[in-house]
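For reference, the structure is listed below as structure tokens.
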Amino acid sequence: MENTKILEINNLHVQYITEEETVNAVNGVSLSICKGESLGLVGETGAGKTTTALSIMQLVPYPPGIITDGEIIFEGKDLIFNTERENQEMRGNGISMIFQDPMTSLNPIMTIGEQLLEVVLTHKKVTREEGKRQVIELLKTVGVKEDRYNDYPHQFSGGMKQRVVITMALLCNPKLLIADEPTTALDVTIQAQVLDIISDLQVKFNMSMILITHDLGVVAETCDKVAIMYAGEIIEAGTVEDVYTVAKHPYTRGLFESIPKLDDKNEKLVPISGSTPNAVDLPSGCYFHPRCKYKQEICERESPTLKGEGHQYKCHFSLFEKEELG
Ligand code: SF4
């Protein structure tokens, strides 16, 4: 893995503004990813993971969505100031995204071969024959046989459709792949196969990858780094090894405590009390304070800053102090 930063997001804020309300979807996200590195972006539904991804792709639906602050630097250029033409160039060749439900990415009335070939011909200067050869070669790499080239999406199972979507995302050799819950719509047995394919291709093509998921187990198996999102903020981030060995934020600790362990049948699971805050009306101070067992008066008043080098966490108190408070 190289140490060159390929993507750097600084203080990103995204809102969805309607006449009735303003949804604060992303509230100051900063993160970076190096060439060849894989980052797991973890959080509950509504934590802001997908909006962060759509911001990188410059696909936040406007209106009502709008990036109100921050920068998204990809290969030295702030994508927020891209023209639509530059965005089209960037999507595919620079950054590609795999969405949760494969059917949202596939046209039901075109054969998968036609759709994949169209992607190649849009982004690369190649002949139809060469384009078709590249499509078939990559389809084979993800385990789809050449004789399926002229089949329609409805003729594929969920797992096979996701393989076609992976092919579509990788056809133009993107430098960064964003996979948004790529296995959520699949059966458990197929999930592992699809994740293996994505991981293998990430290494083979030396791509950087952001894997969005709510599953900490998937991140442990697939990623180098992890960032935990809560209420539109990153509340803890670091290498998978560091964060999984000693989680420093109470929310991250809560996530780990609520996962069943195979080797301890008597263990009682500890759920995180309460529910995620309403993004229309976020709590004062630390967004996690209504659910936090360590909360002090300052937590309701002041938003904590990120602490730590490398392994960072957003809390007023260190782990040691929290143990005393608890
Ligand atoms: Fe809990 Fe306070 Fe830390 Fe927030 S800042 S996580 S409320 S201890």
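The values are calculated or read from the model by the stated rules, or taken from the named source; none is laboratory data. Please read these numbers as outputs of a predicted model, since none were measured by experiment. Methodologically, a virtual Cβ is constructed for each residue, glycine included, from the backbone with ideal geometry; neighbour enumeration extends over all protein chains shown. The protein model used for the area step is the full one, side chains on, heavy atoms only, and it has no ligands, DNA or RNA in it. Shrake-Rupley method; radii C 1.70, N 1.55, O 1.52, S 1.80 Å.
Summary table below
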| item | result |
| --- | --- |
| Amide H contacts under 5 Å for Leu12, placed H, 5+ residues apart | Gly28, Val29, Ser30, Glu71 |
| Mean ellipticity per residue at 222 nm, deg cm²/dmol - from DSSP H runs of n ≥ 4 across the chain, formula -39500 (n - 2.57) | -9500 deg cm²/dmol |
| For region 54-121, size of Cβ-based charge dipole, Lys and Arg +1, Asp and Glu -1, in debye | 80 debye |
| Top positive-direction residue, dipole computed over region 214-254 with Cβ charges, set Gly217, Ile235, Thr245 | Ile235 |
| Cα gyration tensor shape of region 39-81, rounded if a/c is under 1.5, else prolate or oblate by comparing a/b with b/c | oblate |
| Gaussian network model of the chain, springs between alpha carbon atoms under 10 Å - residue of Ala220, Ala169, Ala53 with greatest fluctuation | Ala220 |
| Inter-part distance where region 223-265 and region 95-118 are each reduced to a Cα centre, Å | 33 Å |
| Among Asn27, Leu138, Pro174 the positive-end extreme of the charge dipole of the chain (Cβ point charges) | Leu138 |
| Difference of contour (0.36 nm per residue) and Cα-Cα distance, Thr104 to Glu86 | 4.1 nm |
| Estimated dipole of the chain in Debye, rounded to 20 [Cβ of Lys and Arg +1, of Asp and Glu -1, Cα centre] | 600 debye |
| By accessible area with a 1.4 Å probe, ligands and nucleic acids excluded, highest first: order of Tyr313, Tyr244 | Tyr244, Tyr313 |
| Radius of gyration and maximum dimension Dmax of the chain, Cα, Å | 20.8, 68 |
| ³J(HN,Hα), Karplus 6.51/-1.76/1.60, whole Hz, each residue of region 56-69, x for Gly, Pro | 4, 6, 6, 10, 5, x, 10, x, x, x, 8, 7, 8, 6 |
| Rounded, prolate or oblate (a/c below 1.5 giving rounded, otherwise prolate when a/b exceeds b/c) for region 155-248 by Cα gyration tensor | prolate |
| Accessible area expressed per residue, region 41-99, with surrounding protein chains retained (probe 1.4 Å, Å²) | 47 Å² |
| Calculated FRET value between Ser275 and Glu300, using beta carbons and R₀ = 22 Å, to 0.05 | 0.75 |
| Sequence of His154, His123 when ordered by accessible area, the most exposed leading, probe 1.4 angstrom | His154, His123 |
| Debye, to nearest 20: dipole size of region 124-263, +1 on Lys, Arg Cβ, -1 on Asp, Glu Cβ | 660 debye |
| Two-site FRET efficiency, Glu114 against Asn3, from Cβ-Cβ distance with R₀ of 45 Å, rounded to 0.05 | 0.65 |
| Phe256 accessible area, 1.4 Å probe, all protein chains in place, Å² to nearest 10 | 50 Å² |
| For region 5-15, Karplus couplings with θ = phi - 60° (6.51, -1.76, 1.60), whole Hz, Gly/Pro x | 6, 9, 9, 9, 10, 10, 6, 6, 10, 10, 10 |
| Gain upon complete extension [Thr184, Leu121; 0.36 nm per residue less C-alpha separation] | 19.7 nm |
| Alpha-carbon centroid distance for the pair region 1-49 / region 151-192, whole angstrom | 22 Å |
| Given charges at Cβ of Lys, Arg, Asp, Glu: region 246-326 dipole, positive-most of Thr305, Gly274, Cys315 | Gly274 |
| Length added when fully stretched, Ala192-Glu20, from 0.36 nm per residue minus Cα-Cα | 57.7 nm |
| Karplus (6.51, -1.76, 1.60) ³J(HN,Hα), θ = phi - 60°, over region 241-246, in Hz, Gly and Pro reported as x | 4, 5, 5, 6, 7, 9 |
| In degrees, nearest ten, helix 128-141 long axis to first principal axis of the chain (Cα) | 50 degrees |
| Relative contact order of the chain, pairs being alpha-carbon contacts under 8 Å that are 6 or more residues apart, as % | 20 percent |
